[in-house]
Amino acid sequence: MKRRIPLRKRLLVRLLSVSALIAVCSVAATAWLAVTTTTSALKEEQGQDLAADNRILARLSGYAATHPDWAGVRGTVRELAARTGRRIALTTADRTFVADSAPRGTPLPPRSAATVDPLRTDTYTETGAQLSGIDPRVVGPYRLPAKERAKLDVLAARRKRCYARYGLQSTVVRITSGRPVVTTPDDTDPADYGASACEDGRLNTPTPTEQVAIDALSELVRPCLRQAGLHLGGRLFLTFDPTGKDPFGGGYLLKYSKVATGEAAKNAERCVQTARRTQLEPYAAPVAELFLGIGDQNPARFDMSPANKAKVFGVAGLVLAVTVAVTAVVAVRLVRPLRALTLAAQQPPELHVRVPVTTRDETGILAEAFNDLTERRARLETQRKAMVSDIAHELRSPLTNIRGWLEVVRDGVVDPAPALLDSLHEEALVLQRIIDDLQDLAAADAGTLRLHPEPLRAGDLLDQVAAAHRVAADAAGVALRTEAGAAAWLDADPVRMRQALGNLVSNALRHTPADGTVTLTAGRDGDDVVFTVADTGAGIAPEDLPHVFERFWRAEKSRSRRTGGSGLGLPIVRHLVAAHGGTAGVMSEPGAGAVFTLRLPAVPPPAEEP
């Protein structure tokens, strides 16, 4: 019955499916690459607006630093939106609008761009980076009145003139609190110019306004310092940093007078900064969320136009169609010889159909292998039929003799004399030997041949086989000799090895005429132990050598089972040697006898062997 292959398992369907998948993946990858490239280009273009975004954040942070609330920020937001072309919206933490440059009702972007908090700012472009620091524009109670600024301006001008007398150029910088600070180029130390006399300390002395603020800060920081274990005789003092790089902002360096290092110093700085935020909080606007948008006020994203989508789908369809068409043509060419192979394999065994080899690719190689398999199957079928016939013939002869003699004895024609009983016993032995040989071959074919290997000396094995066949050799008038070389050991089943060598010796004795010689040898050859059984008989014809190990084969068809054996001895030898991991071979020339060789793996001698 012809088996129907499911549609999903057919080679043609599989090839088409794989090709379609490859085409779809290729097109998808190309589309993904195009989208990714375009998106990257858009992101790069958007990156050009980051500087403007930072300026917006710095401007709004400055507003929050100089105003206690956001009441008047709408004008600043509209101005920044008009200048940058961006949508700018400020909300509280719960998304309540503070100011928005977009029309009322326009939805906010999904995420805020930044948090505007001058007391905890991470970015401030005008004076450098701030990492969770205080915007230096938050002045609060440190803002100097006009009278104090005027006094400090006089002191700053006097110090500048003093530096000039020593050849040191300086500049007066006014920090956000209104205090003037005299700076030198590249932070040059005035002492290097001998201008130490110009620094009388009056310019750096806190003004009454600053001293009040510092005293208030001291009261705020004292509980934290006490909790940190830094409350013993310490106080705060103030210096100035016009560079804006100080950790507390505002151009002020607030220090704790008590010497502290390591973790204590970190705790002191943390306490001072926390207290400073508490002091400045009433003077700065509350925290706000900053939202930035473009165009229709939606987040920037890449979206293909209908025309681009049509192009992508069109190219994908074209590639898919071409791939499927080419795959179909190739698949048909591949499937045709496979169908021929399937049809030939489904034919009855007696037809032995050969498949024409039309290609030299994998399918052609498969066709050649199929033809070889067909020929081997035909040979095996012929051998099987011949073997069945030979087995029937070999079993029929002794059974016919036994039956015939038993019938004549039963009918009283012949008395059961001892000679007759010996003849019947001999026929039974022949029958038993054939059955035992067949059983050994069946076990070897089935892989159930049992072996009991043990270390064996090759010379001892030869002596045992020669002793077992000495009587038969003397009766045939044949000299039986053994030659063992250097000590050679093998790991083998002694019973099976005596059986294999015994079959070779029995075969040699049958084919050697009187006054001939059968020689058994054993020795090492590299990593192998080699046994040979050589006779001086008539030899084997070259055309018969390939068949000597076949079952029921005899070189002389005229020989009977008594003179020519059952035809199973040599096949048994081959199987026994193969079961030990060895090989069996034969060499012969007509008229020069035959030499059978058994080659088996050698093993080191036992420990007690000298």
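Averaged over residues, the count of other Cβ atoms within 10 Å places the peptides 496-502, 270-276 in the sequence 496-502, 270-276, highest first. As a test question: what accessible area, to the nearest 10 Å², does LEU373 have when a 1.4 Å probe is rolled over all protein chains in place? Roughly 90 Å² of LEU373 is accessible to a 1.4 Å probe. Shown are LEU576, LEU338, whose ranking by accessible area with a 1.4 Å probe and every protein chain present, most to least, is LEU338, LEU576. 3J(HN,Hα) couplings calculated from phi for region 595-601 with the Karplus curve 6.51 cos²θ - 1.76 cosθ + 1.60 (θ = phi - 60°) are, in sequence order, 10, 9, 10, 10, 10, 10, x Hz; Gly and Pro show x. Using alpha carbons only, the radius of gyration of region 59-188 set against its Kirkwood radius gives Rg/Rh = 1.12.
In this label model, ALA419 and GLN464 are separated by 3.9 nm, measuring between points 7 Å along each Cα→Cβ vector.
The figure for ILE434 is an accessible area of roughly 0 square angstrom, using a 1.4 Å probe on the protein chains alone. Across region 154-172, the residues whose backbone nitrogen lies under 12 Å from the label position 7 Å along the beta-carbon direction of ALA197 are 162-163, 165-166. Quick one: go through region 185-218 and flag any residue whose amide nitrogen is under 11 Å from the point 7 Å out along the Cα-to-Cβ line of THR278. Taking a point 7 Å out along Cα→Cβ of THR278, the residues of region 185-218 whose backbone N falls under 11 Å are 217-218.
Taking all protein chains together and rolling a 1.4 Å probe, ASP94 ends up with roughly 110 Å² accessible. Once the chain from SER17 to ASP153 is taken as fully extended at 0.36 nm per residue, the excess over their C-alpha distance is 40.3 nm.
In this structure, the amide hydrogen of ASP493, modeled 1.01 Å from its nitrogen in the peptide plane, lies closer than 5 angstrom to those of HIS452, GLU454, counting only residues at least 5 positions away or on a different chain. Taking amide H positions as modeled 1.01 Å from N, with prolines and chain starts lacking one, the residues under 5 Å from ALA488 and 5 or more places away or on another chain are ALA458, GLY459.
Distance between the 7 Å Cα→Cβ label points at ALA369 and ASP187: 8.0 nm. Rounded to the nearest 0.05, what FRET efficiency is calculated for GLU589 and GLN432 with R0 set to 35 Å and r the Cβ-Cβ distance? Rounded to the nearest 0.05, the efficiency is 0.45.
Near VAL173, the amide H atoms lying under 5 Å from its own belong to VAL181, VAL182, THR183; only residues 5 or more places off or on other chains count, and H is placed 1.01 Å from N.
The values are calculated or read from the model by the stated rules, or taken from the named source; none is laboratory data. Quick caveat, the model's predicted, so the values are computed rather than measured. Quick reminder, even Gly has a Cβ in these numbers, built from the backbone with ideal geometry, and neighbours come from all protein chains shown. Surface accessibility is based on the protein's heavy atoms, side chains included, excluding ligands, DNA and RNA. Shrake-Rupley method; radii C 1.70, N 1.55, O 1.52, S 1.80 Å.
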